[in-house]
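The values are calculated or read from the model by the stated rules, or taken from the named source; none is laboratory data. Computed from a predicted model, the values in this text were never measured in an experiment. Cβ: placed from backbone, ideal geometry, glycine included. Neighbour counts: every protein chain shown. In case anyone asks, the SASA skips ligands and DNA or RNA and just uses the protein heavy atoms, side chains included. Shrake-Rupley method; radii C 1.70, N 1.55, O 1.52, S 1.80 Å.
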Amino acid sequence: MILKWNIQKSKNEKLIEEFSKWLESKKLSKKTIEKHLYNSDFYINEFLLYYESQEPKDGMEYIDGFLGDFFIRKCMWSSKATIKENATSLKKFYQFMSEIGKVSKEDYKEFVEGISDSMEFYLDS
């Protein structure tokens, strides 16, 4: 089990490196890139890998559990602003995943719509 976890962690690190280059190509500020990288890395390596044992490509279905529960309960720095920041970062991350063919464009569209539809719930939580 630990070997599988380490292999996935290594894959995730490479994916974050690719995501970083993708963000740079979008001409975002260094501070914005760093925030998106931090938030996405936390989601795929702390939440998905550690708590859900899922690969990033399968992680879109866990967004409600993350933004509406885990992040609020487990992260002392959670606030309405950081919930919104994480949602934005994860939309960017899965846009990248869609563009490189790791998730379908249709699934990405549903993901974004789901976040928009649930944002009030996340913030109320």
Please state which one of F121, F71, F93, F111 is closer than 19 Å to K9 by Cβ and either part of a helix (DSSP H, G or I) or open to solvent by less than 70 Å² (accessible area, probe 1.4 Å) (or both).
-> F93
Yes or no: K27 of a type in the set (D, E, K, R) and either modelled with pLDDT under 95 or at negative phi (or both)?
-> no
Considering each of S98, S116, S78 in turn, give the residue that is free of Cβ contacts under 8 Å to residues at least 12 places away in the same chain, outside any helix (DSSP H, G or I) and either among the polar types (S, T, N, Q) or crowded, with 16+ Cβ neighbours inside 10 Å (or both).
-> S78
Answer yes if at least one residue in the stretch 46-64 is of a type in the set (S, T, N, Q), part of a helix (DSSP H, G or I), surrounded by 14 or more Cβ atoms within 10 Å (Cβ to Cβ) and without any contact (Cβ under 8 Å) to a residue 12 or more places away in the chain, and no otherwise.
-> no
